[in-house]
Every structure is written in C-alpha cells, then in structure tokens.
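What follows draws every value from the coordinates through simple rules; no lab data is involved. These numbers were taken from a predicted model, which means no experiment stands behind them. A quick note on method: Cβ atoms are made from the backbone with ideal geometry, for glycine too, and the neighbour counts reach across all protein chains shown.
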Amino acid sequence: MSPSDPQCLFCKIVEGKIPSRKVYEDEEILAFHDIHPWAPVHFLMIPKAHIPSMAQVEPQHAALLGRLMTLAPRLALQEGCNPYPAGGFRMVVNTGAEGGQEVPHLHVHVMGGPRPWLKG
C-alpha cells in the first residue's frame, strides 16, 4: 500500500489539508470525530498509511491493527463512553461498496456513550 493517496479524503485529513476534530494522533494512527455521528460518542480511527479497506490488509499490518484495537477502549472512555459492563461501545469496519464503505481508506468507527432512551 502506498503511504498516501492524493485523491483520498482521509489522506488529506492526515496531511492537514482538510481540518478535523482530533481525538488522538501518533506516528501511525489518527482518530477524529465523525462529521455525521450516529451516537453521542462517534469517532473514526484510521491508519495514516493509505490502506483502502480490510480487504487489502496484509500480514505486515497485524501490529498496526493490534494497536488500533487496543487503543480503542482507552479513547472510547476518554471521549465519554461509560465503562464496561454497564456502558461500552461498538466498533464497526465497513469493507467495500456492499459492506457500506463510503471512503476507500481503512477506518474503524467507534460509537457509544450515554443513551437515556435505552434505560428501562
């Protein structure tokens, strides 16, 4: 995979050409708030390197994906999700057109937060 794709929306966000509300950033990962949230807490986690989707993930990406998965719970709590088990969050990775992927750059949706309408 190439480090970036000049036509990719998320690569432009990584490069600072398009602003975002950052949640987290390091040398390999960027997390930022979704512009159309589906939940009280909704942010995206992306690798900075351009990987079009989960379908293009290769063995050399294992450590990066492991970092994404282990970072998600900490960021979910930081952004307002309540702790497990009473709270929690959901992670979604859409892959390809039939999987609902709209931006062709691997991204993980992290969603959760207080939902008063769910309390019985």
Cβ-Cβ distance below 9 Å, separation of 6 or more or different chains: which pairs start in the range 71-84 with a residue that is within 19 Å of E28 (Cβ to Cβ) and end on one that is surrounded by fewer than 13 Cβ atoms within 10 Å (Cβ to Cβ)? L71/D26; P73/Y84
Out of everything in the range 47-70 that is within 16 Å of A31 (Cβ to Cβ) and aliphatic (A, V, I, L, M), what residue ends up being surrounded by the fewest Cβ atoms within 10 Å (Cβ to Cβ)? M69
The one condition G87 fails out of (1) under 16 Å from the mean Cα position of the chain (by Cα); (2) closer than 13 Å to P40 by Cα is (1)
Taking interchain pairs and intrachain pairs at least six residues apart, which have beta carbon atoms under 6 angstrom, with the first residue in the range 18-33 and among the polar types (S, T, N, Q) and the second crowded, with 16+ Cβ neighbours inside 10 Å and not in a strand (DSSP E or B)? S20/I13
